[in-house]
Amino acid sequence: MRVCSIVGARPQFIKAAVVSRELRAVGEEVLVHTGQHYDEEMSDVFFDELGIPEPDFNLGVKSDTHGRQTAKMIAEIEPVVEETEPDVILLYGDTNSTLAGAIVGSKCDVVVAHVEAGLRSHNREMPEEINRVLTDHASDLRFAPSEQAVDALATEGITEGVYWTGDVMYDSILEVRERVADRSDVLDDLGLEAGEFILSTVHRQHNTDARANLESILDALSDAPLPVVFPAHPRTIDRLEEYGLRERAEEALEIIEPLGYLDFVRLLDTAERIATDSGGVQKEAFFLETPCVTMREETEWTETVDAGWNELVGADADAIREALRGDRTPEETPEPYGDGKASRRIADILQRHVDTAESELAV
Ligand code: UD1
Ligand code: UDP
C-alpha cells in the first residue's frame, strides 16, 4: 500500500504525526507538505518535536488569497500524484491544503480518504466549512471522529465509506500528556504558576479580519481575572499591527511566539481556563479537562459544549468577560471521541481497502 499524505498547516502536522507512524508500520507513505504554513514555529518545530519524517515533497506554496493559494496547491500536487502513483490520498481536517488534495485526488481517480470527516459548524461563511463539505463529498473513505459526525454525513446522504474511528488528536494527547509534565519547562520559562493563568489563542478569519471583533476580544481579555498568556498566530500579529492595536495588546497580554506542541500542551493542561477560537484547542482543553471559553458563535466540536466543558460566547466583550469569571467545572467527562486508537484503525482500514481493491483486480 502506498499512501500520499497531504499536510500544510500546524494542526495537520500534529494529526499526521500519529497516523504516519501507523501507516509506515503497514505500508509506504509519501509525505507532501504544501507549504501553507512555513515559519519555523508554525511548521519545522512540529516535525522536530514529534519525529515526523522529512516531507518527500515541499511544494512551497506559502500565503496568498484563498483562490490563488488553493489553485497553486492543486497545480503542484497533481504532478506529485502522477509521479508517485499512490493507492490513496490521505487528507486531514479542513484547510485549503485539504481541499486542494481532495480535488487532485478525485480528478486523478485516486482513492481519497479524509480524517476528521463529518464535522460541521453549519456556518457557510467560514472558509473551513466549505473545505470540509467539499472534501467529504469528494472522498471515498471518511474517518469520522464521533457518532455525531457519522450522523452529519448521513444527513447529507453520505452513508457509504464512512468509518467511526475516533479522533486522532485524542491519540496524540494521550501520548504526550504525561511526557510533557517532565519534558516541558514552559511554566518556569514564562514565570507561571499552574492554575494561575489563562491561555488564549485567536486566529479565525472572522475574529482577526474584522477590526471590531479583534478589538472586542482584546478588551475582554484585558479585563481577565488572571494574567493571559497569548501565543500569537502570525495572522493575528499582522492584524493587530494593521489596526494599530499591537502596543495595547502587548501591555494587556503576555504575547509570545507560537509554541511547540509539547510546551503548548503543558500550558493547556495547567491553565485555569482557555479562551480560544481554535478548533483543535477546544478539543484538547476538553481532553485535558480544562474549562474552555470559545470565542465563536458556533462550533463543529459540539460534544465539548454538550458535556459542559466548553462555552460558546462569540466575540462579544461582555459575554467573554462573564465567561472568564464564571464558575464551571463539570463533574464528568464523556468520551465521544473514541478510545485513543483512531490512528491504528485508520491505517488498518486503508490497508484492507487497498488489499480488497487489488484482489478484485486480480480476479
Ligand atoms: C489556516 C487554516 C485554518 C486553520 C489554521 C491553523 C485555511 C482556509 N485556514 O488558517 O483552518 O485553523 O491554518 O493554524 O486553510 N502566516 C505567516 N506564516 C506562516 C503561516 C501564515 O506569517 O507560516 C500568516 C500570513 O500572513 C498569512 C496568514 O498568516 O496570510 C494566514 O495564513 P493561512 O495559512 O492562509 O491561514 P490561517 O489563518 O493560518
Ligand atoms: N498549537 C501549538 N502551539 C501554539 C498554538 C497551538 O502547538 O502556539 C497546537 C494545538 O495544541 C493544536 C493545534 O496547534 O493541536 C491547533 O492549531 P490551530 O489552533 O492553529 O488550528 P485549528 O485547530 O483551529 O485548525
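The values are calculated or read from the model by the stated rules, or taken from the named source; none is laboratory data. This is a predicted model, so every value here is computed, not measured. Ideal geometry is used to build each Cβ from the backbone, glycine not excepted, and the neighbour counts take in all protein chains shown. To get the accessible areas, we keep the full protein, side chains included, count just its heavy atoms, and leave off ligands, DNA and RNA. Shrake-Rupley method; radii C 1.70, N 1.55, O 1.52, S 1.80 Å.
Here Q205 clears all of (1) crowded, with 19+ Cβ neighbours inside 10 Å; (2) within 16 Å of ligand 1 (Cβ to nearest atom); (3) touching a residue at least 60 places away in the same chain (Cβ under 8 Å) except the condition numbered (1). Got at least one residue in the range 167-177 being in contact (Cβ under 8 Å) with a residue 24 or more places away in the chain and not in a helix (DSSP H, G or I)? Within the range 167-177, one or more residues are in contact (Cβ under 8 Å) with a residue 24 or more places away in the chain and not in a helix (DSSP H, G or I).
Every residue, every condition in (1) within 15 Å of ligand 2 (Cβ to nearest atom); (2) closer than 15 Å to L324 by Cα, yes or no:
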residue	(1), (2)
S278	yes, no
F286	yes, no
M295	yes, yes
E298	yes, no
E311	no, yes
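Do the conditions hold for V281, that is, is it modelled with pLDDT of 95 or more, closer than 23 Å to T329 by Cα, away from ligand 1 (no atom under 14 Å from the Cβ) and of a type outside the set (S, T, Y)? Against the criterion (modelled with pLDDT of 95 or more, closer than 23 Å to T329 by Cα, away from ligand 1 (no atom under 14 Å from the Cβ) and of a type outside the set (S, T, Y)), V281 does not qualify. In the set (1) open to solvent by less than 30 Å² (accessible area, probe 1.4 Å); (2) in contact with a strand residue (DSSP E or B) (Cβ under 6 Å, 6 or more places away or on another chain); (3) away from ligand 1 (no atom under 16 Å from the Cβ), A232 fails one condition alone, (3). The helices (runs of 4 or more DSSP H) falling completely within the range 226-323 that include 3 or more residues that are closer than 19 Å to E41 by Cβ, out of contact with any Pro (no Cβ under 7 Å at 6 or more places or on another chain) and aliphatic (A, V, I, L, M) map to 261-270.
For the range 177-197, the criterion of being modelled with pLDDT of 95 or more, open to solvent by 10 Å² or more (accessible area, probe 1.4 Å), within 15 Å of ligand 2 (Cβ to nearest atom) and among the acidic types (D, E) is met by at least one residue. Taking the conditions (1) charged (D, E, K, R); (2) touching a Gly at 6+ places or on another chain (Cβ under 9 Å); (3) open to solvent by less than 50 Å² (accessible area, probe 1.4 Å) in turn, D151 satisfies each one other than (3). The criterion of at least 3 residues that are over 17 Å from the mean Cα position of the chain (by Cα) and more than 16 Å from ligand 2 (Cβ to nearest atom) is met by the following helices (runs of 4 or more DSSP H) wholly inside the range 1-119: 10-26, 66-84, 96-107. On the given criteria, is A212 away from ligand 1 (no atom under 16 Å from the Cβ) and closer than 29 Å to E242 by Cβ? Taking the combined requirement at face value, the residue satisfies it.
Within 26 Å of W309 (Cβ to Cβ) and modelled with pLDDT of 95 or more: does that describe G244? No, not satisfied. Pairing each residue of the range 297-317 that is closer than 16 Å to G338 by Cα and hydroxyl-bearing (S, T, Y) with any residue that is at pLDDT 95 or above and open to solvent by 20 Å² or more (accessible area, probe 1.4 Å), provided the two are 6+ apart or on different chains, yields C-beta distances under 7 Å for T302/Q148.
Checked against the criteria, D348 does not count as of a type in the set (D, E, K, R) and assigned to a loop (DSSP other than H, G, I, E, B).
Could you tell me which residue of the range 246-261 is farthest from ligand 1 (Cβ to nearest atom), considering only residues that are under 13 Å from D219 (Cβ atoms) and crowded, with 17+ Cβ neighbours inside 10 Å?
So, considering only residues that are under 13 Å from D219 (Cβ atoms) and crowded, with 17+ Cβ neighbours inside 10 Å, the one farthest from ligand 1 (Cβ to nearest atom) is A252.
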